[in-house]
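Asker: Here it is: the structure, laid out below.
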Amino acid sequence: MMTRLHVRGLRCAFAVWIAFSASAAWASTQGAGATTCPSLLAHTLPRLQDEKPQSLCQYAGKVLLVVNTASACGFTPQYAGLEALYARYREQGLVVLGFPSNDFAQERGNNKDIADFCQNTYGVKFPMFTKTAVAGRDAHPFYKRLASEAGGGPRWNFHKYLIDRDGRVVSAHGSTTSPQDARLVKQIEQLLAK
């Protein structure tokens, strides 16, 4: 014959089992829609504005246009086109990622100077990171991987890599390809439509 103590213990165990099952079911539904991080994006870099670490994994599932930038370059006005591209397609899933670099001796300011210049001169709102080596032996591992997958690294400022939603490099575009280039825009639109 069961005593009250046994019944109370069974009720308690049953309540714990129900709570655990509900928790596990909730966790499985949360993970179902989550996007895994492609290995290309498995890097953390400091944000330009405040130098706080940012995981590139937060951009998994987005179409990315990765650009090495500089403030004192003949191509610097491309900042305006990059910002316009970002504003136009951001809601559809495009993210422009800017990486200031002094590899070509045209980005000598510190991170605060660069952030102020980008904001005040071109109204840049797309994500930017602190000064980063993008070419040669000292290139950041993210840029080494981009160069490996695209068949070459940046030869100058405002080199662009286009990455699909699955984290694969689709194409690379040299400095002379403007952000409004019809072929580049068409490629972005095709990737966004997938």
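Asker: Report, by residue number, each residue of segment 143-194 that is among the basic types (K, R), part of a helix (DSSP H, G or I) and surrounded by 15 or more Cβ atoms within 10 Å (Cβ to Cβ).
Answerer: Scanning segment 143-194 gives K144, R145.
Asker: Let me ask you something else. If you go through segment 78-93 one residue at a time, do you hit one that is basic (K, R) and within 17 Å of Q180 (Cβ to Cβ)?
Answerer: The answer is yes; a qualifying residue exists.
Asker: List the strands (runs of 3 or more DSSP E) that sit entirely inside segment 40-135 and contain at least 2 residues that are of a type in the set (S, T, N, Q) and buried (at least 20 other Cβ atoms within 10 Å of the Cβ). It would help to see each step written out before you state the result.
Answerer: Details: elements: 44-46, 53-55, 63-69, 94-100.
Those strands (runs of 3 or more DSSP E) span 63-69.
Read the figures in this text as sums done on the coordinates, not as results from a lab. As the structure is a computational prediction, the values presented were derived from the model and not from experiment. Heads up, the Cβs are rebuilt from the backbone with ideal geometry, glycines too, and the neighbour counts pull from every protein chain shown.
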